[in-house]
1. Looking only at the stretch 26-49, filter to residues that are among the hydroxyl-bearing types (Ser, Thr, Tyr) and in contact (Cβ under 8 Å) with a residue 24 or more places away in the chain; which one of those is farthest from GLY115 (Cα to Cα)?
2. One residue is enough: does the stretch 73-94 have a residue meeting the conditions among the polar types (S, T, N, Q) and under 13 Å from the mean Cα position of the chain (by Cα)?
3. In this structure, does SER105 turn out to be modelled with pLDDT under 85, over 20 Å from the mean Cα position of the chain (by Cα) and outside the structural domain of LYS178 (by TED's automatic domain parsing)?
4. Just need a number here: residues in the stretch 84-134 that are within 19 Å of LEU32 (Cα to Cα) and of a type in the set (Ser, Thr, Tyr).
5. Criterion first (free of Cβ contacts under 8 Å to residues at least 12 places away in the same chain, surrounded by 10 or more Cβ atoms within 10 Å (Cβ to Cβ) and not aromatic (Phe, Trp, Tyr)) does LYS173 satisfy it?
6. Please specify each residue of the stretch 99-116 satisfying the condition of being hydrophobic (A, V, I, L, M, F, W, C), assigned to a helix (DSSP H, G or I) and in contact (Cβ under 8 Å) with a residue 24 or more places away in the chain.
Amino acid sequence: MIAFLKGNIIQKTSNKVILDVGGVGYCAFIPLSTYLKLGETNSQAELYIYMHVTDNTLALYGFHSQEEKELFLKLIGISGIGPKIALNVLSGIETTDLKEAIQNSDVARISLIPGIGKKTAIRIALELQEKLEKKEEILGAPGYKEREDVVSALMNLGFKRKEVEKIVDDTIKTYTIKAGFDHLIKESLKRLAKM
């Protein structure tokens, strides 16, 4: 599965880009917001990728930020919204404005996006509001930032996020978040060394 691409822009239009990654050209569909953040042809670009596979197609969708990709994934998780409609939504409204509209149940603002009717706007507002609230609860939880700092530091040392998260969580359970960044890093490294 392709999750990230970094390469030179060979060609770009408002809805897709072709990147040369080590001599291989990858075509990824993109929202307008990502297009506006890309450099000129022959400049380097980085995209977070979602690979959509069905019986008939294999398509790549690229995003300038991880946040934009996460919102895209939430949108395609709604019944009746596929990748093309989700890209259309992200092209028609900034991610921060969309989140605000969802949190405020602003159906009128969401239905202003070209191609989005009132029924679809209601589904987006209702289904995503709950998901966004849960994420805000997690982000606002005590010790979340400190935990993420430890996870990030270990990833910078070359460890994968999945293997690191469980170790860090176990270390925090043992020593609590009050043990401090340095102590949690050392203890997590000891546990990783035993794997």
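The values are calculated or read from the model by the stated rules, or taken from the named source; none is laboratory data. What you see is a predicted model; the values in this text were computed from it and never measured. Neighbour counts are summed over all protein chains in view; Cβ atoms, including those assigned to glycine, are modelled from backbone coordinates with ideal geometry.
1. In this case the residue turns out to be SER43.
2. Let us first name the residues in the stretch 73-94 that are among the polar types (S, T, N, Q), namely 79, 88, 91.
In the following step, the residues that additionally are under 13 Å from the mean Cα position of the chain (by Cα) were identified as none.
Among the residues of the stretch 73-94, not one is among the polar types (S, T, N, Q) and under 13 Å from the mean Cα position of the chain (by Cα), which makes the answer no.
3. yes
4. Adding up the residues that qualify gives 4.
5. Judged against the criteria, LYS173 is not a match.
6. As a first pass, look at the stretch 99-116 and keep what is hydrophobic (A, V, I, L, M, F, W, C): 101-102, 107-108, 110, 112-113, 116.
Now drop any that are not assigned to a helix (DSSP H, G or I), which leaves 101-102, 107-108, 110.
Matches in the stretch 99-116: ALA101, ILE102.
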